Amino acid sequence: DLGHSSELAFVVEPSDDIAVQEQPLILYCQVEGIQPITITWRKNGVMIVDSENAFMLANGSLYVSRFQRVRGDGSSDEGEYDCMAQNHYGLVVSRKAKIQAATMSDFHIHPQNAVVEEGGVARFQCQIHGLPEPVILWHKNSIPVNTDNERYTLLPKGVLQITGLRAEDSGIFHCVATNIANVKFSREARLTVSGSHSTVYKDPMILVGPENLTLTVHQTAVLECIATGNPRPIVSWSRLDGRPIGVEGIQVLGTGNLMISDLTVQHSGIYVCAANKPGTRVRRTAQGSLVVQAPAEFVQHPQSISRPVGTTAIFTCVAQGEPPPQITWLRNGQILETSDHIKLKNNNSTLSIYGINQADEAIYQCLAENSAGSTQASARLTVLWADGLPSPPQGVRAETVSATTIQVSWEKPLQNTKEIIGYVLHIRKAADPVEMEYQEAVSKSTFQQLVTDLEPSTSYSFYIKAYTSRGASKASEVTVVSTLGEVPAMPSLFIKVINSTTVQATWEPSIKLGQHEGFKLYYRKVHLSQYTGPVLLASNVTAYNITHLDASVVYEVKLLAYNQHGDGNSTVRFVSLRETVERTVLNPPCDCMKDEQNNKTSTTGIIIGIHIGVTCIIFCILFLMFGYRGRLLMCKNVQEQLSTPQIPRSQRSATGLVLNGATRRDRDDRDLNGKQLDMNELERLFPASPSQEQQEKGITSDHSLSAPHDETQISTIPLDEFSIIEEQPDPLPKSPHGSSPAAPAPNHGPANEG
C-alpha cells in the first residue's frame, strides 16, 4: 500500500514504448479505488478526445489504431502520454510515458577495403542510427560470418574484428542492420591478406580504444580495445580511480574487448585499456568514460494522513536516481502552488501544510523525474471536522510590557464552549514564514498569557484556537504588536594610568552592545558629589584619555552606552595616581635631549674602554707567557748551581756568580740567536726600574751581567727553588756589544743569602 492512497491509486501505469509506423499501439492504465472512477488521457499535457484514430478501451487503456509519426495536418502521435483517474476523494496522474516512432536511418559509416599482412589484425566497422537500436550482422562473401570462430569477434555497435589473419580470411565483407522499422545493407569491402607472418619487432600499438558511453542501468556496455605489435601485446583493463573492475557480469570479447552486463550506477567511471609487450614494461594506453544513468525511484513514499482542522500536515517523498531526480508536487492532478501556509523544503522532498482547513483535503502526488525516467507516488490528506466544535475565541488583544515581554488576552468563544479543554496561543515573528510559528498551551480557565523571551523592537503576530477532545476551533483573528526597544547593555570598562596626571579609559567594541548611538563618560573626585561630564563619544570609539588630574586624590570613572530608548546601566571604576607619583620620585624622568647627548658620549667611552680592555688582556697574556719562560730558565740555573761543590760562604758569591755566568754564556753560545733574543725582547717589553732600597743594597741578578745598561732586572720565582745573592754595587765594565765580561770584578764584599 506504499506510495498510493487506498481511495484511489494506479495498478498499472503506461510505460515508454517505440511504435511502428501504420501499426496499432496500446497504452495500458489500470486504477483501483472507490467507485465511481473516471479515467482520462493526456498527450503533452493536452486532453485526448476520443476519435476514430485514438480512443479509450473499457479497462481504461488507450488504443491508437494507426500510429503515424507525421499526419497530414502536421500533427504526430509521438509524445508524452499520461493517464488521469478521479473520484470524489480526489484526482491522480500517472507517470509520463514517452512514445517514439520506430525508425532507421541510412548507414553513415560503411566498411572500408583493407590490406593486412598475415598474422595481423583486421577491423571493419559500419554504423547506423535507429529506434530501437538496430541489430548488425556481418556477411562474408554473402554468407553470415561464422561466430564460432574464435578469431572473429562481433561487437554490438557494428564492429568486426579478425585476429591472427590467415590467407583464407580474404574475401568481401558487408553488414546487415535490422530492427522493427526496416532492414538495410551496407556497402561491400574487400579484405586482402598479404605475405607471410613477419618476425620483425614492432612496438605495441592500440588501433582502436574505448569510446565514451552513456547507458542506463541493466543495459550492456562493450568497451572496445584492439592492439597490434610483434610480439603480440597483452591487453589488460583497469579503472582510472583505482577501484577494482570486479568479475560479476564481466566478460572479455576477442583479444581485449571488455563487456559489462547488467550495468549498475557503480560501474560508472573511466576505464583504461593497456597494451603491454610481453615480459617488459613497454606499454600503450587508451581510455574512455562510462556513464550509467538510473531512472528515478522512491526511497520513501508519502503516506496518507488524517488531521484535524487547524493543525499541520506533513508529507515526505524521497527519491534517488542518476542524475539526481527533480521532485514536483501535484494537488488533485494540478501543480501545487506554494503560499503562506503551504511550504516545500529539503529540495521539495518535504511538503508542509500549516493551519489546514477543509479546502486542503485532496490527493497529493509526488513526481520524481530525471533523464533516465520518471515515477510517481500519491497520498491523501483527510481533514477531520466535527459538528459542535467551538467558535473562534473572541477579543484577542496584545499589549507590550517590556522589550522582551508581551501580554496576550482573549475572551472565550461565543458557541459550543462546554467541551473546551484548553487554548493554544500561536506565536511567530511577523517577518518569519509560517513554519517558524510556535505554540503555548493555556488552561481552559485562563484568558491571558504572558509571552516572554522575545526580541526587542520586533513585531510579533498572535492568534488563539480553542481545543476539544474532537478537534480545534477555527483560528481567531490575528493581532500584531511590537516589543519595546531595549537600552544598550553595560560596557566593560578598563582604566590604565598613563602618568601622574592622565588616565586612559578603554572599553569593548560597540558591536557587542546591540543597537545604540554612543557612550557617555563621567568622572569625579570621590569626595565630591558633582561629576565632570558627560563626555559624549561615538559608537565606534573605544578609548578616551582623561587629563589634568590631581595625583593626590582618588577618582571615580563612570561609562554607559545610550540609544534612542535611553541610557543603559553604567560601569564604574576607581583609580588612584598616588603610586605613580611615588614611582616618579624614586625614578625621576629623564631629559631626553640630555640623555641623547649622554648616550653619544657613553657610546664613545664604551668603545675606548673596549680597546683599552683588549690591550690589557693582550699584555697580560704576553706577560704570563714570557714570565713562565723566564721562570723555567732560572729554575734550570738553580738546579745547575745546586749541583756544583759547596764553597765557603765568603767565596760563594763570586764563585756562584762566575758559575752562573759561565753557565749562561755556555748556553748562550749554543743558542746565540734563541734565548738571548728572547731575554732581550722581554727586557725591551717589560723594563724594570729598581726601587730605592734595591739601589742602596746594590742587588743585581746574574741577568744584569749581560744588560746593556745599569738598570737592575728582577725576576721572581719560588723561594724554594731560587736564592738571591746580595753583592756590593761595584760598577761593572761594559762590553761594547752589551755582553757580560769574561771575569767578575774584584773587591766583592760579604754576600748575604736571601
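A few notes on this one:
- Residue tally, condition open to solvent by less than 10 Å² (accessible area, probe 1.4 Å), farther than 30 Å from Ala362 by Cα and in a loop (DSSP other than H, G, I, E, B), over the stretch 44-97: 1
- Exactly one residue among Ile234, Ile245, Ile270 is modelled with pLDDT of 95 or more, open to solvent by 30 Å² or more (accessible area, probe 1.4 Å) and over 25 Å from Pro132 (Cα atoms), and that residue is Ile270.
- With respect to the conditions (1) over 50 Å from the mean Cα position of the chain (by Cα); (2) under 15 Å from Ala19 (Cα atoms); (3) modelled with pLDDT of 90 or more, Arg71 lacks only one, and its number is (3).
- Residues (open to solvent by less than 30 Å² (accessible area, probe 1.4 Å) and in contact with a Gly (Cβ under 9 Å, 6 or more places away or on another chain)) located in the stretch 125-154: Cys126, Ile128, Pro134, Ile136, Trp138, Tyr152, Thr153
- Enumeration of residues in the stretch 173-202 that are of a type outside the set (A, V, I, L, M), out of contact with any Gly (no Cβ under 9 Å at 6 or more places or on another chain), open to solvent by 70 Å² or more (accessible area, probe 1.4 Å) and over 13 Å from Ile109 (Cα atoms): Thr199
- Where Ile305 falls short, out of the listed (1) surrounded by fewer than 20 Cβ atoms within 10 Å (Cβ to Cβ); (2) among the aliphatic types (A, V, I, L, M); (3) within 13 Å of Ser236 (Cα to Cα): (3)
- Only one of the numbered conditions (1) over 18 Å from Tyr364 (Cα atoms); (2) open to solvent by 60 Å² or more (accessible area, probe 1.4 Å); (3) not in a loop (DSSP other than H, G, I, E, B) is violated by Glu32, and that is (1).
- Taking the conditions (1) part of a loop (DSSP other than H, G, I, E, B); (2) under 28 Å from Asp453 (Cα atoms); (3) not acidic (Asp, Glu) in turn, Gly395 satisfies each one other than (1).
- Per the conditions (1) open to solvent by 40 Å² or more (accessible area, probe 1.4 Å); (2) of a type outside the set (A, V, I, L, M); (3) within 30 Å of Pro393 (Cα to Cα); (4) part of a strand (DSSP E or B), the sole criterion not satisfied by Lys465 is (1).
- Any hit, the stretch 338-354, residues being surrounded by 20 or more Cβ atoms within 10 Å (Cβ to Cβ) and assigned to a loop (DSSP other than H, G, I, E, B): yes
- Residue list for the stretch 554-564, filter: surrounded by 14 or more Cβ atoms within 10 Å (Cβ to Cβ) and not in a strand (DSSP E or B): none
- Selection within the stretch 289-312: residues that are β-branched (Val, Ile, Thr) and outside any strand (DSSP E or B). The member of this set that is nearest to the chain's Cα centre (by Cα) is Thr312.
- If you filter the stretch 308-320 down to residues that are touching a residue at least 40 places away in the same chain (Cβ under 8 Å) and open to solvent by 20 Å² or more (accessible area, probe 1.4 Å), you find that the one that is farthest from Glu369 (Cα to Cα) is Pro308.
- Residue, farthest from Glu7 (Cα to Cα), within the stretch 376-393, restricted to residues that are polar (S, T, N, Q) and buried (at least 21 other Cβ atoms within 10 Å of the Cβ): Gln376
- Residues of the stretch 435-445 satisfying the condition of being open to solvent by less than 50 Å² (accessible area, probe 1.4 Å) and modelled with pLDDT of 90 or more: Glu440, Val442
- For beta carbons closer than 9 Å, sequence separation of 6+ or different chains, a first residue in the stretch 231-250 that is assigned by the TED database to the domain that holds Thr264 and on the phi > 0 side of the Ramachandran plot and a second that is outside any loop (DSSP other than H, G, I, E, B) and open to solvent by 60 Å² or more (accessible area, probe 1.4 Å), the qualifying pairs are Gly246/Gln266.
- Annotation: of all residues in the stretch 519-551 being open to solvent by 50 Å² or more (accessible area, probe 1.4 Å) and of a type in the set (Ser, Thr, Tyr), the one that is nearest to Trp507 (Cα to Cα) is Thr542.
- Taking the criterion of being over 13 Å from Leu493 (Cβ atoms) and either among the charged types (D, E, K, R) or over 54 Å from the mean Cα position of the chain (by Cα) (or both), the residues of the stretch 517-531 that qualify are Glu517, Arg524, Lys525, Val526, His527, Leu528, Ser529, Gln530, Tyr531.
- Among (1) in a loop (DSSP other than H, G, I, E, B); (2) modelled with pLDDT of 90 or more; (3) of a type in the set (Gly, Ala, Ser), the one test that Gly485 misses: (2)
The values are calculated or read from the model by the stated rules, or taken from the named source; none is laboratory data. Note that the structure is a prediction, hence the values are computed from the model and not measured. Neighbour counts run over all protein chains shown; Cβ positions are idealised from the backbone, glycine included. Heavy atoms of the whole protein, side chains included, go into the accessibility calculation; ligands, DNA and RNA do not. Shrake-Rupley method; radii C 1.70, N 1.55, O 1.52, S 1.80 Å.
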